[in-house]
Amino acid sequence: MYSEKVMDHFSNPRNVGEVENASGVGTVGNPACGDIMKLSIKVENDVIQDVKFKTFGCGAAIATSSMVTELVKGKTLDEAERISNATVAEALDGLPPVKMHCSNLAADALHAAIEDFKKKAGK
Amino acid sequence: MKKIYFDHNATTPVDPEVLDAMLPFLKEEFGNPSSIHWAGRNSRKAIEEGRDKVCRLLNCANLELIFTSSGTEGDNHAIKGVAYAKKEKGNHIITTKVEHPAVLNTCKHLAKDGFETTYLDVDSDGMIDLEVLKAAITPKTILISIMYANNETGVILPIKEIGDIAKARDVTFHTDAVQAAGKIPLDAQKLNVDLLTISGHKLYGPKGTGALFAKRGVRLVPLIHGGHHDRNRRGGTENVAGIAGLGKAAEIAMRDMEKESAQLSTLRNRIEKGLAEKIPHIKVNGHADKRLPNTANISFEFVEGESLLLNLDMKGIAASSGSACTSGSLEPSHVLLAMGLTHEMSHGSVRFSLGKSNTAGDVEYLIEIMPAIVERMRSMSPLYAGAK
Ligand SMILES: Cc1ncc(COP(=O)(O)O)c(C=O)c1O
Ligand code: FES
């Protein structure tokens, strides 16, 4: 049912945990299923230096969480803001149709974390 | 890799004896059982022998059995068949919140035709309250449909008592016995049930087979109109091989049930105890005693069921969360939610359903690998940090 990439990120998730002294944290619940993701970022000079996640969710939720952390690490905030759920799903070689909504979780948590950072930084 | 199958409530492998009983009717014995000539005779005989065997399992008369294409068809036939046959008398149906979708969605569909359904609550053990059932019956109530045993938790409902209530109030009573058949003794004579559904593939028979017991005198509008098959109650040339297989499966179940049930409950109890000893924050769902011998439904707090199943699958273990038919949906189990579990606990449940092939070694393997899986998923969970 899942692609090899999804299974790879599910079995060996990258960047699990919480960034210490995070510049921004985003916690979102998926309205469709109630699953939860928490993403924390460390921002320096508008670049995401570090990023970690924790997720309560299905296989697709964990794989997309892991993938989104890989995609944004080292990116500028502008670049990171352009990452959508479709970007994440594509990077994982696609998700089964019933699981597409799971990728929202990762994109939403990322955008929430960036928003949190901007608010704290007074931007 | 080791392969262990703990998903017998989803389906079972066909027993080799069952396959042997079927093969002639997929090969040389091709005749139409309705033909009067030589080619049809053995097919007819196979159907009647299959019927005898299924009737022995259910303790009912030969005329009281209708062969179906599945448990789902049996449920549909019973519910729609009674509803349409009795619509002059009333339009009210009573069922429970924990039924299989084959019952729930049939009742939902009937709403379009003006039928109203009461969905009874269950308590935290998965049991219904018989007083609430009694109070729900109105002069318009034409049918009660309550499952014998729940597919997700294995909880066994008080079918005898429900039947007595239905009889006293002159309401037709159907029970979906798909999960009970072959696992615990059923007796259509002793129970006041009017209709009872079984499915072949849950008792080591072929998929796409089943039967509906319909007590003498119960009026049913057919679901499938056609030729004079099964006394005009279900059209279509019979699935001869399937019926031969279902009959054999019923015969084997009769023969082995007692011994198997003792073995399975020992293994099941070992799983529950073994996991509880090694893993904190888990909960066994369903009534402690009134439960099928083979089913363990366990919630692992702070983690989500599907991710556990994927981990188990990577280790060769097949289990499920919720029922196979609802796993396409995102909602947590409707059965566990009805039992009052929180969203997270319902989402974090895994069902291990045991069967013939399982050994003590399988169970020990599960108990050995499960703690690390749960620990790994918990370490990733944003819900867990606070609970440590
Ligand atoms: C309680 C219950 N009823 C009905 C069914 C449907 O049976 P079938 O798969 O034969 O349509 C199932 C099996 O999934 C079941 O567990
Ligand atoms: S089912 Fe909830 S995130 Fe996938």
Wholly enclosed helices (runs of 4 or more DSSP H) of segment B:322-388 bearing at least 2 residues modelled with pLDDT of 95 or more and under 30 Å from A:Val25 (Cα atoms):
B:360-379
From the option list A:Ala86, A:Ala32, A:Ala107, single residue qualifying as away from ligand 2 (no atom under 11 Å from the Cβ), open to solvent by 30 Å² or more (accessible area, probe 1.4 Å) and either within 12 Å of chain B (Cβ to nearest Cβ) or in contact (Cβ under 8 Å) with a residue 12 or more places away in the chain (or both) is A:Ala86
Please work out if B:Val171 is within 16 Å of ligand 1 (Cβ to nearest atom), in the same structural domain as B:Tyr148 (by TED's automatic domain parsing), open to solvent by less than 40 Å² (accessible area, probe 1.4 Å) and under 23 Å from B:Ile142 (Cβ atoms).
no
In this structure, does A:Lys99 turn out to be touching a residue at least 24 places away in the same chain (Cβ under 8 Å), touching a Gly at 6+ places or on another chain (Cβ under 7 Å) and within 13 Å of another protein chain (Cβ to nearest Cβ)?
no
Kindly indicate whether B:Gly90 is open to solvent by less than 10 Å² (accessible area, probe 1.4 Å), closer than 29 Å to B:Ala253 by Cα and away from ligand 2 (no atom under 16 Å from the Cβ).
no
Taking the condition of being open to solvent by 10 Å² or more (accessible area, probe 1.4 Å) and in contact with a helix residue (DSSP H, G or I) (Cβ under 6 Å, 6 or more places away or on another chain), how many residues in segment B:103-114 meet it?
0
Just checking, how many residues over segment B:310-323 are under 27 Å from B:Leu157 (Cβ atoms) and more than 16 Å from ligand 1 (Cβ to nearest atom)?
0
Of the criteria (1) more than 30 Å from B:Leu312 (Cα to Cα); (2) part of a helix (DSSP H, G or I), which one B:Ala102 fails
(1)
Take the residues in segment A:35-62 that are in contact with an Asp or Glu (Cβ under 7 Å, 6 or more places away or on another chain) and open to solvent by 10 Å² or more (accessible area, probe 1.4 Å); name whichever of them is farthest from ligand 2 (Cβ to nearest atom).
A:Lys42
Residues (more than 10 Å from every other protein chain (Cβ to nearest Cβ), among the aliphatic types (A, V, I, L, M) and open to solvent by 40 Å² or more (accessible area, probe 1.4 Å)) located in segment A:1-29
A:Val25
In segment B:240-255, what residues are out of contact with any Asp or Glu (no Cβ under 7 Å at 6 or more places or on another chain) and touching a residue at least 12 places away in the same chain (Cβ under 8 Å)?
B:Val240, B:Ala241, B:Gly242, B:Ile243, B:Ala244, B:Gly245, B:Leu246, B:Ala250, B:Glu251, B:Ala253, B:Met254
Looking at B:Val18 and the list (1) within 16 Å of ligand 1 (Cβ to nearest atom); (2) assigned to a loop (DSSP other than H, G, I, E, B), which single condition is not satisfied?
(2)
Check off (1) in contact with a strand residue (DSSP E or B) (Cβ under 7 Å, 6 or more places away or on another chain); (2) in a helix (DSSP H, G or I); (3) within 18 Å of B:Phe173 (Cβ to Cβ) for B:Cys55 and give me the number that stays unchecked.
(3)
Under 9 Å by Cβ, and 6 or more places apart or on different chains, what pairs join a residue from segment B:170-196 that is more than 27 Å from B:Val14 (Cβ to Cβ) and touching a residue at least 60 places away in the same chain (Cβ under 8 Å) with one that is β-branched (Val, Ile, Thr) and within 16 Å of ligand 2 (Cβ to nearest atom)?
none
Report yes if A:Asp116 is within 15 Å of ligand 2 (Cβ to nearest atom), touching a residue at least 60 places away in the same chain (Cβ under 8 Å) and surrounded by fewer than 24 Cβ atoms within 10 Å (Cβ to Cβ), otherwise no.
no
Residues satisfying the stated conditions in segment B:333-379, i.e. open to solvent by 50 Å² or more (accessible area, probe 1.4 Å), among the small types (Gly, Ala, Ser) and away from chain A (no Cβ under 14 Å)
B:Gly340, B:Ser357, B:Ala360
Which pairs turn up if I take residues in segment B:29-44 that are surrounded by 14 or more Cβ atoms within 10 Å (Cβ to Cβ) and among the hydrophobic types (A, V, I, L, M, F, W, C) and look for partners that are outside any helix (DSSP H, G or I) and at pLDDT below 95 with beta carbon separation below 7 Å, at least 6 apart in sequence or on another chain?
none
Selection count, segment B:182-203, where residues are within 13 Å of ligand 1 (Cβ to nearest atom) and either at pLDDT below 95 or surrounded by fewer than 24 Cβ atoms within 10 Å (Cβ to Cβ) (or both):
1
Name every residue in segment B:135-157 that is outside any strand (DSSP E or B), open to solvent by less than 30 Å² (accessible area, probe 1.4 Å) and more than 16 Å from ligand 1 (Cβ to nearest atom), in order of residue number.
B:Ala136, B:Ile137
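The values are calculated or read from the model by the stated rules, or taken from the named source; none is laboratory data. Treat the numbers as computed from the prediction; the structure is a model and nothing was measured. Glycine gets a Cβ as well: all are built from the backbone with ideal geometry, and neighbour counts include every protein chain shown. Just the protein is used for accessible areas: all its heavy atoms, side chains included, with ligands, DNA and RNA removed. Shrake-Rupley method; radii C 1.70, N 1.55, O 1.52, S 1.80 Å.
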